[in-house]
Amino acid sequence: MPRTLIRKNPSNFKTLPLHVEASADGLTYQSIGVPQNFAQTLQRRKAIQLPDTQRFVVELANLGVSVRLTLTWQGRDYWVLVRQRRQDRGDVVLKLISGYVPAHELNLPLLTAIQEVAEECLLETLEGWLGGRFNDTWLPTPYAAALHYRETPPFVLTPQSGAARPVHCANLMLMERPRAYVHLPTASLQLIYDLRLQVPREAKPLSLFHVDERLESGQLVARLDRKRPDLYLMPLQDGQPLAELYTLKKDQLVPASTRGLWLAESFARQDGWVVREERVRWKDWLKQQGLVQQKREPVGHLQRFSDKAKALLERALHK
């Protein structure tokens, strides 16, 4: 049965609309207007159009932040994806760890990004749940009231090389150089940070879980469901993704089904500073990347059933 970890009042969240100016050389945003609560922000997230994808001036509903998280575990690298039922869009996708940037962090969206990692990506070992560090800064332990966090060793987050074109908040350049795009269907500015998560060798056996907040009866509720870990690993080879998905349970990679799978818009094609799609099919994304998904051989009881069927067929043919 899912375990409730925390409840929040959504009215406590406030963000601000944005004024955005973009050119071929870079993008600048700054806040405008008065603080908006979550419901007001969703009302502003309505589809827009931009005639020029490289140069424009536009007002947007909010700033969102995502993390393309590369997990290093047992000598291999994996992208971390999470499953989310998006209530505002009525779909289910695999997406990057992500969230809305609150008003007081608009000039420091990296802080929101590392907090989202702490809230959405949970690492469990035999001795408890791992805390984390970004360089010399300790990450929050948002579910400490419900879960036992180990004091040591922590996982470590480090920034990776960022996008080529700079992004500014007013006159301040974002030093980690996140990738930026305007998402037309939601009239939002989205930033994607490239971060690496190093798992300590002592963290054994390791299991990964995703925890996300859902709006229920006027409250934001975060639950842990061990039967649905909802955190997926996509292996990398020489820095490039492979057409495979796994969950991780007690140091064992478990293949995950990709049937009917959709990915969030951060995987869709970007044109200049613009992304037009709401989501992209897994199969279509594989084609865009030039990847081929290997067919899995039957395993376990399915393999045994197949062997028995072949044996019965051979007996019938020799009678």
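For the range 4-19: of the residues being in a strand (DSSP E or B) and among the hydrophobic types (A, V, I, L, M, F, W, C), which is surrounded by the fewest Cβ atoms within 10 Å (Cβ to Cβ)? Step by step, filter the range 4-19, then rank; the result is I6. Among the residues of the range 247-281, the one identified as free of Cβ contacts under 8 Å to residues at least 60 places away in the same chain and aromatic (F, W, Y) is F267. Annotation note: Cβ proximity below 6 Å between a residue of the range 139-150 that is more than 15 Å from K8 (Cα to Cα) and a residue that is in a loop (DSSP other than H, G, I, E, B) and β-branched (V, I, T) (sequence gap 6+ or interchain) occurs for Y149/T141. A single member of L147, L191 is assigned to a strand (DSSP E or B), in contact with a strand residue (DSSP E or B) (Cβ under 6 Å, 6 or more places away or on another chain) and modelled with pLDDT of 95 or more, and it is L191. Kindly indicate whether Q54 is more than 30 Å from L261 (Cα to Cα), at pLDDT 95 or above, part of a strand (DSSP E or B) and not β-branched (V, I, T). In short, no. Determine whether D88 is modelled with pLDDT under 95 and part of a loop (DSSP other than H, G, I, E, B). Here the answer is yes, as D88 does meet what is asked. Counting only residues that are closer than 19 Å to A222 by Cβ and surrounded by fewer than 16 Cβ atoms within 10 Å (Cβ to Cβ), the range 79-94 holds 5 of them. Pairing each residue of the range 8-27 that is farther than 20 Å from P178 by Cβ with any residue that is crowded, with 17+ Cβ neighbours inside 10 Å and charged (D, E, K, R), provided the two are 6+ apart or on different chains, yields C-beta distances under 8 Å for K8/E213.
With respect to E116, is the statement that it is assigned to a strand (DSSP E or B) and of a type in the set (D, E) true?
On the way: assigned to a strand (DSSP E or B): no; of a type in the set (D, E): yes.
When the stated conditions are applied, E116 does not pass them.
Do we find a residue being within 14 Å of Y232 (Cα to Cα) and crowded, with 19+ Cβ neighbours inside 10 Å anywhere in the range 122-132? Break it down stepwise before answering.
Taking the range 122-132 as the starting set, the residues that turn out to be within 14 Å of Y232 (Cα to Cα) are 122-123.
Narrowing further to those that are crowded, with 19+ Cβ neighbours inside 10 Å: 122-123.
The answer is yes, given that some residue of the range 122-132 is within 14 Å of Y232 (Cα to Cα) and crowded, with 19+ Cβ neighbours inside 10 Å.
Looking across A22, A39, A47, one residue alone is of a type outside the set (S, T, N, Q), over 29 Å from L208 (Cβ atoms) and surrounded by 13 or more Cβ atoms within 10 Å (Cβ to Cβ). It is A22.
Kindly indicate which of R259, R279, R269 is surrounded by fewer than 18 Cβ atoms within 10 Å (Cβ to Cβ) and within 19 Å of the chain's Cα centre (by Cα).
Numbers: R259 fails: within 19 Å of the chain's Cα centre (by Cα); R279 fails: surrounded by fewer than 18 Cβ atoms within 10 Å (Cβ to Cβ).
Among R259, R279, R269, only R269 is surrounded by fewer than 18 Cβ atoms within 10 Å (Cβ to Cβ) and within 19 Å of the chain's Cα centre (by Cα).
Each residue in the range 204-219 was checked for being under 25 Å from A256 (Cα atoms) and either among the acidic types (D, E) or touching an Asp or Glu at 6+ places or on another chain (Cβ under 9 Å) (or both), and 10 of them qualify. Residues considered: K46, K14, K95. Of these, the only one that is in contact with a Leu (Cβ under 9 Å, 6 or more places away or on another chain) and charged (D, E, K, R) is K95.
Checked against (1) under 20 Å from R177 (Cα atoms); (2) assigned to a loop (DSSP other than H, G, I, E, B), Q49 passes all but a single condition, namely (1). Restricting attention to the range 138-189, the residues that are polar (S, T, N, Q), surrounded by fewer than 19 Cβ atoms within 10 Å (Cβ to Cβ) and either within 19 Å of the chain's Cα centre (by Cα) or closer than 22 Å to V58 by Cα (or both) total 5.
Might you check whether a residue that is in contact with an Asp or Glu (Cβ under 7 Å, 6 or more places away or on another chain), among the hydroxyl-bearing types (S, T, Y) and within 30 Å of P154 (Cβ to Cβ) occurs anywhere in the range 243-252?
No, that holds for no residue.
Of everything in the range 194-237 that is free of Cβ contacts under 8 Å to residues at least 40 places away in the same chain and assigned to a strand (DSSP E or B), the residue that is nearest to L122 (Cα to Cα) is E216.
The values are calculated or read from the model by the stated rules, or taken from the named source; none is laboratory data. Quick caveat: nothing in here was measured; it's all calculated off a predicted structure. When we count neighbours, we look across all protein chains shown, and the Cβ atoms used for this are built from the backbone with ideal geometry, even at glycine.
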